[in-house]
Amino acid sequence: MKIRHWMTPDPVTVTPDTPLKDAQRLMAAKKIRRLPVVDKKGRLKGMITRRHILGAMPSEATTLSVHEIYALLDKLTVGDVMTKELKTVGPEDLVQDVMLRGHEQGIGAYPVLEDGKLIGIATESEIFNALVNLVGPREGTCLIELANVELDKEVGATSRIAEVIEKRGVPVEAIFTAPHRASTGNHVYIRARTSNKSNLQADLDAAGFKVVI
């Protein structure tokens, strides 16, 4: 699945000279946590988040008066507090690749650029929804989990798993794998077109696979 189909297209943006208080009001009105920052030609210049805004607020220990605090905030712009160094992705990038990159880099949102122009934003919410759509069970299906499958040692293991299930006349919709964190082998997740998975679990167990109940 490509980011193009799961990103938020044409996201709400601000410019570097947007007053910080206006950006704060816009986030509240749109119920969003971040805003891409673009110049007058639409080129990406940075990103501002709620955390940036909170960080710009005077601490409780300040000696400034209320009047002085508001005067200070009136002078601050988005460009004063935004993040300028950004990681970006392209619309043809795969959702799973962006998910792994975000996990490794500790990034919750990526601006999506095409030909140097901002065309969308991909946040952890869109990526999560895409993955749920990909691996989550659907009506009339079931999800079976296998543990400690040695995919690197058995060529054709996923084909053998599918064959065991399809002998029951049950179509296999998808097979997904993920490495174990604390042991060898892989988790294998199978989405099959049936609502009754007990027979399939028994067949997989008889075939030598470790079924997670």
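Annotations for the structure displayed:
- Unique match (being more than 16 Å from the chain's Cα centre (by Cα), touching a residue at least 12 places away in the same chain (Cβ under 8 Å) and not assigned by TED's automatic domain parsing to the domain that holds residue 186) among 151, 143, 86: 86
- Selected residue [in contact with a strand residue (DSSP E or B) (Cβ under 9 Å, 6 or more places away or on another chain), β-branched (Val, Ile, Thr), free of Cβ contacts under 8 Å to residues at least 40 places away in the same chain and within 24 Å of residue 133 (Cβ to Cβ)] from 175, 190: 175
- Entry remark, region 88-106: residues being part of a loop (DSSP other than H, G, I, E, B) and in contact with a Pro (Cβ under 9 Å, 6 or more places away or on another chain) number 1 in total.
- Among the candidates 102, 120, the residue that is under 23 Å from residue 12 (Cα atoms), modelled with pLDDT under 85 and crowded, with 17+ Cβ neighbours inside 10 Å is uniquely 102.
- Of all residues in region 193-213 being assigned to a helix (DSSP H, G or I) and of a type in the set (S, T, N, Q), the one that is surrounded by the most Cβ atoms within 10 Å (Cβ to Cβ): 201
- Selection over region 1-38 of residues that are farther than 19 Å from residue 75 by Cα and of a type in the set (Asp, Glu) gives a count of 1.
- Comparison of 132, 155 shows that the only residue that is surrounded by fewer than 16 Cβ atoms within 10 Å (Cβ to Cβ), of a type in the set (A, V, I, L, M) and under 30 Å from residue 107 (Cβ atoms) is 132.
- Leading residue by the ranking (modelled with the lowest pLDDT) among those in region 2-19 that are outside any loop (DSSP other than H, G, I, E, B) and under 27 Å from the mean Cα position of the chain (by Cα): 2
The values are calculated or read from the model by the stated rules, or taken from the named source; none is laboratory data. Note that the structure is predicted; figures quoted are calculated from it, not measured. Glycine gets a Cβ as well: all are built from the backbone with ideal geometry, and neighbour counts include every protein chain shown.
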